[in-house]
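To start, the structure itself, in structure tokens.
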Amino acid sequence: MTTAIEADERGVASRSPSDRRTHSPGRRTALGTALGVAALALTPRAARAAERGIVGQPAPELDVPRWSGADGEPTRFTIAATRGRWTFLKCFQYWCPGCHSSGFPTLVDVQKAFGADGEVAIAAVQTVFEGHGTNREDRIPEIRERYALEIPIGHDAGDPDADGEERWPTTMVRYRTGGTPWLVLIEPGGTVVFDGFHVDSAKLIDYVARQIG
């Protein structure tokens, strides 16, 4: 079990908070049209994921209690501080197979393309909504080393004993994610232009590179 969608389809977990809210997809940017539909795999899970996210809406601030930098030391990362730059967020869980087969490779590609570019901010957040005993904060250094990540990584764990939204990571709630891996792209003006399970990394990198000029 790796995603809220898969868990819900199997009938073994509650729905994610995004299922309990109304959402009108409405506006889509050129990236949302060019990448969002084409990049999502044509599976029932992906079709349902298209109903999640907040594409076309202002990116909410993150409320992640702890971040670590490339050196493993505490650091900070905020959406407000990235205003004026493209921002790429990757949500993951340590035990998530899809994160290792797809999400992290995409993150690595984006880091290679833009890691040294001040016009693109890159970060990852472990959004723990299941397997709290395995998807621990102390697993982050292992992930960082395995994928040679030099970006801020946060740990945002929900409370499995809580009711309501407190059960879910705040990042999940605010960005209406459907599980992990989940990828978010925010344009310099602060609007979310991609918010979903999977994106074609080559197309994403090409698109952002052309926008930067």
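Only the coordinates and a few stated rules stand behind these numbers; no lab work does. Here the structure is a predicted model, which means the values were calculated and not measured. Neighbour counts are summed over all protein chains in view; Cβ atoms, including those assigned to glycine, are modelled from backbone coordinates with ideal geometry.
Looking at the structure I just gave you, is A202 touching a Ser or Thr at 6+ places or on another chain (Cβ under 8 Å) and under 20 Å from R85 (Cα atoms)? Here the answer is no, as A202 does not meet what is asked. Of all residue pairs spaced 6 or more apart or on separate chains, those with beta-carbon atoms under 7 Å, a first member in the range 171-197 that is outside any loop (DSSP other than H, G, I, E, B) and a second member that is basic (K, R) are L183/K90.
Conditions (1) touching a Phe, Trp or Tyr at 6+ places or on another chain (Cβ under 8 Å); (2) closer than 25 Å to E165 by Cβ; (3) of a type outside the set (V, I, T); (4) in contact (Cβ under 8 Å) with a residue 12 or more places away in the chain, marked per residue:
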residue: C99; (1), (2), (3), (4): yes, yes, yes, yes
residue: P105; (1), (2), (3), (4): no, no, yes, yes
residue: V108; (1), (2), (3), (4): yes, no, no, yes
residue: G118; (1), (2), (3), (4): no, no, yes, yes
residue: V125; (1), (2), (3), (4): yes, yes, no, yes
residue: E130; (1), (2), (3), (4): no, yes, yes, yes
residue: T134; (1), (2), (3), (4): yes, yes, no, yes
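Residues of the range 70-84 that are in contact with a Gly (Cβ under 7 Å, 6 or more places away or on another chain) and charged (D, E, K, R): R83 alone.
When you go through T177, T134 one by one, which is the residue that is surrounded by fewer than 23 Cβ atoms within 10 Å (Cβ to Cβ) and polar (S, T, N, Q)?
Exactly one residue qualifies, and that residue is T134.
Checked against (1) out of contact with any strand residue (DSSP E or B) (no Cβ under 7 Å at 6 or more places or on another chain); (2) among the aliphatic types (A, V, I, L, M); (3) over 22 Å from P58 (Cα atoms), I205 meets all criteria but (3). Scanning the range 68-112 for residues that are within 16 Å of the chain's Cα centre (by Cα), within 22 Å of P188 (Cα to Cα) and not polar (S, T, N, Q) turns up F77, I79, W86, F88, L89, K90, C91, L107, V108, D109, V110.
Screening R210 with (1) touching a residue at least 12 places away in the same chain (Cβ under 8 Å); (2) farther than 21 Å from P65 by Cα gives one miss only, at (1).
Given the criteria within 18 Å of L62 (Cβ to Cβ), in a loop (DSSP other than H, G, I, E, B) and charged (D, E, K, R), does D159 qualify? It is true that D159 is within 18 Å of L62 (Cβ to Cβ), in a loop (DSSP other than H, G, I, E, B) and charged (D, E, K, R).
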